[in-house]
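Colleague: Following this message is one structure expressed as structure tokens.
The values are calculated or read from the model by the stated rules, or taken from the named source; none is laboratory data. Bear in mind that the values here come from a model prediction, so they are computed numbers and not experimental data. Here the Cβ positions follow ideal geometry from the backbone for every residue, glycine too, while neighbour counts run over all protein chains shown. Just the protein is used for accessible areas: all its heavy atoms, side chains included, with ligands, DNA and RNA removed. Shrake-Rupley method; radii C 1.70, N 1.55, O 1.52, S 1.80 Å.
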Amino acid sequence: MVNLVAAEKSLVHWVMKKAGVVPHTVEIEEGTVMNFWVPTETVKTQSKDKGSNIIISGGLLHEGTKSKSKAAAKPVVVLMHGFAADGIVTWQFQVGSLANKYSVYVPDLLFFGGSTTSRTDRSKAVQAECVAKGLCKLGVKRCTVVGFSYGGMVAFEMAEKFPELVNAFVISGSSNDNIFDTMLDNIGFNSLSEFLLPTSVEGVKKLFKVATHRNSCFPYRFYRDYLKLCCIRYPISIDHFPSYIDPCL
């Protein structure tokens, strides 16, 4: 039987390509690759360019070679997803609206979508560093970062550590303050892992109820398929979960 969520993702990918945004894999360093949805022009430029050698010194990004990306002619917007889905699924309704006026880049954070690493450090700082390196390799000089939920936490890190790259940032449904206990009490969960990594259909329903602006009324099968595709098969275990939020945990 067809998984409804998997089928919907295939449709979204087709629509995004029609909007001029395509997936592109960037090798951040040995053992670490990130998938970015990028403007078509960026991929064409990358195929002619050997890319840049990126060095981080004192929190600053330095390029080994200059990129010739034409996509940078428009202001760059980077959309960072939350914990419940990968980049293009989270931002599917915004990309088409923004692509006409902006160069839209949508990364899959490490261990989401097509992004993986052999590094054991799973902190927000590592996520921010890898996204920044990837953008620099793609020829992005300055950008506005929009972060939702967990992506907002990573956006805070990027803005703090790489001010020469992040021109401005917008945060939705996120915070850099330690307010999780109060938030969890308000929404009826005992822990962040219980909220963000549901293990039952009822858990997925509660996640959607909190995460969506309007009450969702999807059929039972949709929630079940989402659980199978995005939760049970998640590459993130509950044991590893705290390190994504606070590397000291």
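Colleague: Give the residue that is modelled with the lowest pLDDT, with candidates limited to residues of the stretch 196-249 that are under 21 Å from A128 (Cα atoms) and touching a helix residue (DSSP H, G or I) at 6+ places or on another chain (Cβ under 6 Å).
Modeller: Top of the filtered list is L249.
Colleague: So for the stretch 156-167 (the condition being assigned to a helix (DSSP H, G or I) and aliphatic (A, V, I, L, M)), does at least one residue qualify?
Modeller: First pass over the stretch 156-167, keeping only residues assigned to a helix (DSSP H, G or I): 156-161.
Filter once more, keeping what is aliphatic (A, V, I, L, M): 158-159.
For the stretch 156-167, residues assigned to a helix (DSSP H, G or I) and aliphatic (A, V, I, L, M): present.
Colleague: Quick check, is S115 open to solvent by 20 Å² or more (accessible area, probe 1.4 Å) and either in contact (Cβ under 8 Å) with a residue 12 or more places away in the chain or of a type in the set (V, I, T) (or both)?
Modeller: On the way: open to solvent by 20 Å² or more (accessible area, probe 1.4 Å): no; either in contact (Cβ under 8 Å) with a residue 12 or more places away in the chain or of a type in the set (V, I, T) (or both): yes.
Judged against the criteria, S115 is not a match.
Colleague: Let me ask something additional. Out of V78, V126, V95, V106, which single residue is touching a Cys at 6+ places or on another chain (Cβ under 7 Å), within 18 Å of F148 (Cα to Cα) and open to solvent by less than 10 Å² (accessible area, probe 1.4 Å)?
Modeller: Numbers: V126 fails: touching a Cys at 6+ places or on another chain (Cβ under 7 Å); V95 fails: touching a Cys at 6+ places or on another chain (Cβ under 7 Å); V106 fails: touching a Cys at 6+ places or on another chain (Cβ under 7 Å).
Within the list V78, V126, V95, V106, the selection yields V78.
Colleague: If I filter the stretch 143-157 for residues that are in contact with a strand residue (DSSP E or B) (Cβ under 6 Å, 6 or more places away or on another chain), open to solvent by 10 Å² or more (accessible area, probe 1.4 Å) and modelled with pLDDT under 95, do I get at least one hit?
Modeller: Pass one, the stretch 143-157, residues in contact with a strand residue (DSSP E or B) (Cβ under 6 Å, 6 or more places away or on another chain): 143-148, 151-152, 154-155.
From the residues that got through so far, the ones that are open to solvent by 10 Å² or more (accessible area, probe 1.4 Å) too are 144, 146, 148.
Those left that are additionally modelled with pLDDT under 95: 148.
There is at least one residue in the stretch 143-157 that is in contact with a strand residue (DSSP E or B) (Cβ under 6 Å, 6 or more places away or on another chain), open to solvent by 10 Å² or more (accessible area, probe 1.4 Å) and modelled with pLDDT under 95.
Colleague: Further question on the same structure: Before we move on, is S193 over 30 Å from K44 (Cβ atoms), open to solvent by less than 30 Å² (accessible area, probe 1.4 Å) and either touching a residue at least 12 places away in the same chain (Cβ under 8 Å) or not aliphatic (A, V, I, L, M) (or both)? Before the answer, list the steps.
Modeller: Working: over 30 Å from K44 (Cβ atoms): yes; open to solvent by less than 30 Å² (accessible area, probe 1.4 Å): yes; either touching a residue at least 12 places away in the same chain (Cβ under 8 Å) or not aliphatic (A, V, I, L, M) (or both): yes.
It is true that S193 is over 30 Å from K44 (Cβ atoms), open to solvent by less than 30 Å² (accessible area, probe 1.4 Å) and either touching a residue at least 12 places away in the same chain (Cβ under 8 Å) or not aliphatic (A, V, I, L, M) (or both).
Colleague: When you check G139 against the structure, is it touching a Ser or Thr at 6+ places or on another chain (Cβ under 7 Å) and not in a helix (DSSP H, G or I), yes or no?
Modeller: Values: touching a Ser or Thr at 6+ places or on another chain (Cβ under 7 Å): yes; not in a helix (DSSP H, G or I): yes.
Judged against the criteria, G139 is a match.
Colleague: Cβ contacts < 8 Å: first residue farther than 16 Å from A85 by Cα and touching a residue at least 24 places away in the same chain (Cβ under 8 Å), restricted to the stretch 141-155; second residue open to solvent by 10 Å² or more (accessible area, probe 1.4 Å) and in a helix (DSSP H, G or I), any location; separation 6+ or different chain. Result?
Modeller: Hits for this filter: K141/A72; V145/A159.
Colleague: While we're on this one: Within the stretch 109-130, is even one residue over 15 Å from the mean Cα position of the chain (by Cα) and of a type in the set (S, T, N, Q)? Talk me through it step by step, then tell me what you get.
Modeller: Going residue by residue through the stretch 109-130, those that are over 15 Å from the mean Cα position of the chain (by Cα) are 118-121.
Checking the rest, the ones that are also of a type in the set (S, T, N, Q) come to 118, 120.
Checked the stretch 109-130: at least one residue is over 15 Å from the mean Cα position of the chain (by Cα) and of a type in the set (S, T, N, Q).
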